[in-house]
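Written below as structure tokens is the structure these notes are about.
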Amino acid sequence: MIELKHLCKTYKTSSRDIVALEDINLKIEDGEIFGIIGLSGAGKSTLVRCINLLEKPSSGDVIIDGKNITALKKKELLKLRESIGMIFQGFNLLEQRNVLRNVCFPMELAGVSKKEAQQRAKELLKVVSLSDREESYPSQLSGGQKQRVAIARALAMKPKYLLCDEATSALDPTTTRSILELLKEINQKMGVTIIIITHEMKVIDQICDRVAVIDNSRIAEEGKVSDVFAKPKSSIARELIIPQDRAVLDTKGGRKLRLTFDNLHSNAPVISNMVLECQAPVNILFADTREFEGAIYGHMIIELPNDNRQEEKIISWLKASNIQWREED
């Protein structure tokens, strides 16, 4: 288990102090896929780099498997880092080495014999479906293939934890899905705990069990992905879930309501029933439905007619039907 206690990180400059992380408290259980999501500059990349002490926290504790790693000596820390793999948005492959030798690299640094390293590398390239490209160089690979090599390299030392810092941000949607499916397979078959750093909710809802939303250097909310998606408590979570497109909201109709559908209502013709029973038209401005753990959840923004009586009928019907809703600004 990874536990962060009152973690803070401040960068000191000649003119002022910049607070990157403030009082971060998180528990990441063994075997889960945990997401950390936030906008650019929120502090999420600094947070993941503090987990393996690539960035040293200004204060607070990073506890891995019961051991406070902020108190470790350099040699002990280097040994512990073998249990923590990491992949990046930019792949960070060595251009002068072929695929096989890229995967062997961390094992070479750890003193693993050449024969054993190559055998392990070949096994991992099979896992990431690149057995036929072991002699290729990074310049000969697509973005998705490069990330697969990076994943194989990150698994070389048989880590217990895998940190993914915006690992799919440079990839197209189809390649992103294939990389996420690979990570999920690694989690299930190898038991590797995975931590995903991203600014995209679609990455979180495809793969993660739980999620922490970070905003202005602090954790805004945390919970199961389905709960955060269906009932976001913070304004930043709502912004990440529903794109804040002013062209959608700045229309000349009536009040705008955001409806939230849980598994009980997602398959029902809610809008059709509402329009028929209230005899009032509505304009659908936004709609999104996702599946979590076999259950379906959804959000919708509707625009009510510019008529007070019709507005009242619709809102009364929503309340009577137990549909969750809130007014959008």
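The values are calculated or read from the model by the stated rules, or taken from the named source; none is laboratory data. Since this is a predicted model, take the numbers as computed values, not measurements. Positions of Cβ are backbone-derived with ideal geometry, glycine not excepted, and every protein chain shown enters the neighbour counts. Surface areas here come from the heavy atoms of the whole protein model, side chains and all, with no ligands, DNA or RNA. Shrake-Rupley method; radii C 1.70, N 1.55, O 1.52, S 1.80 Å.
Search the structure for amide H atoms under 5 Å from the amide H of ALA20, placed 1.01 Å from N in the peptide plane, and list their residues when 5 or more places away or on another chain.
The list, which skips near neighbours in sequence, is LYS9, THR10, TYR11.
Express as a percent, rounded to the nearest 5, the fraction of DSSP beta bridges in the chain (both residues included) that run antiparallel.
Among the beta bridges of the chain, antiparallel pairing accounts for roughly 70 percent.
If DNA, RNA and ligands are ignored and the probe is 1.4 Å, what is the ranking of MET86, MET190, MET107 by accessible area, most exposed first?
MET190, MET86, MET107
What do you reckon, how do HIS6, HIS299 stack up by accessible area (1.4 Å probe), largest on top?
The ranking, largest first, comes out as HIS6, HIS299.
On a 0 to 90 degree scale, rounded to 10, what angle separates helix 173-190 from the longest Cα axis of the chain?
Orientation of helix 173-190: about 60 degrees from the principal axis.
Please list the non-local residues whose amide H lies under 5 Å from the amide H of LEU285, H modeled 1.01 Å from N, same-chain partners needing a gap of 5 or more.
Those lying under 5 Å, H to H, from LEU285 are ILE301, ILE302, GLU303.
Which angle from 0 to 90°, rounded to the nearest 10, does the C-alpha axis of helix 143-154 make with the longest principal axis of the chain?
For 143-154 against the chain, the angle is about 60 degrees.
Within the chain, what whole-number % of the accessible surface is contributed by carbon and sulfur, with the 1.4 Å probe and all protein chains included in the calculation?
Taking all protein chains in place, the chain shows 47 percent carbon and sulfur surface.
If you plug each phi of segment 44-49 into the Karplus form 6.51 cos²θ - 1.76 cosθ + 1.60 with θ = phi - 60°, what whole-Hz ³J(HN,Hα) values come out, in order, with x for Gly and Pro?
With the stated coefficients, segment 44-49 comes to 5, 5, 4, 4, 5, 6 Hz.
Once phi is turned into θ = phi - 60°, what whole-Hz ³J(HN,Hα) does the Karplus curve with 6.51, -1.76 and 1.60 give for every residue of segment 127-136, x standing for Gly and Pro?
Per residue, the Karplus-derived 3J(HN,Hα) values read 4, 8, 6, 10, 4, 8, 10, 5, 8, 6 Hz.
With charges set only on the Cβ (+1 for Lys and Arg, -1 for Asp and Glu), what does the dipole of segment 91-224 come to about its Cα centre, in debye to the nearest 20?
560 debye
I need two numbers for segment 1-59: Rg to one decimal and Dmax as a whole number, Cα atoms only, in Å.
Values for segment 1-59 (Cα only, Rg and Dmax): 12.2, 43 Å.
Roll a 1.4 Å probe over the protein chains and send me the accessible area per residue for the chain in Å².
50 Å²
With n ≥ 4 as the cut-off for DSSP H runs, can you work out [θ] at 222 nm for the chain, using -39500 (n - 2.57) per run divided by the number of residues, rounded to the nearest 500?
So the calculated ellipticity at 222 nm is -10000 deg cm²/dmol.
Dividing the Cα convex hull volume of segment 94-141 by residue count, how many Å³ per residue is that?
Each residue corresponds to 66 Å³ of Cα convex hull volume.
Treat every Asp and Glu Cβ in segment 1-142 as -1 and every Lys and Arg Cβ as +1, leave all other atoms uncharged, and give the resulting dipole magnitude about the Cα centre to the nearest 20 debye.
Roughly 500 debye, rounded to the nearest 20.
Report, to the nearest 10°, how far helix 99-109 tilts away from the longest principal axis of the Cα atoms in the chain, using its own Cα long axis and a range of 0 to 90°.
With both axes taken from Cα atoms, the answer is about 70 degrees.
Starting from 0 in steps of 5 Å, tell me what percent of the Cα-Cα pairs of segment 81-211 lands in each bin.
2, 11, 22, 25, 21, 12, 5, 2, 0
For volume of the Cα convex hull per residue in Å³, which listed value, (1) 168; (2) 159; (3) 147, comes from the coordinates shown?
Structure-derived value, by its label: (1).
Got a sec to turn the phi values of segment 31-36 into Karplus ³J(HN,Hα) couplings, 6.51 cos²θ - 1.76 cosθ + 1.60 with θ = phi - 60°, whole Hz, x for Gly and Pro?
Values, residue by residue: x, 9, 10, 10, x, 10 Hz.
Could you tell me which GluC sites (Glu not before Pro) in segment 88-176 are loop residues by DSSP with no more than 16 other beta carbons within 10 angstrom of their beta carbon?
Here the sparse-neighbourhood loop sites are GLU95, GLU135.
If ligands, DNA and RNA are left out, what is the accessible area of TRP325 with a 1.4 Å probe, given in Å² to the nearest 10?
The value for TRP325 is about 80 Å².
Among ILE315, TYR137, CYS278, flag the residue with its Cα farthest along the positive direction of the charge dipole of the chain, charges on Cβ as +1 for Lys/Arg and -1 for Asp/Glu.
Most positive-ward Cα: TYR137.
Placing +1 at every Lys and Arg Cβ and -1 at every Asp and Glu Cβ, with all other atoms neutral, what dipole size does the chain have around its Cα centre, in debye to the nearest 20?
Its charge dipole is roughly 1280 debye.
Would you calculate the convex hull of the Cα atoms in segment 1-146 and tell me its volume per residue in Å³?
163 Å³
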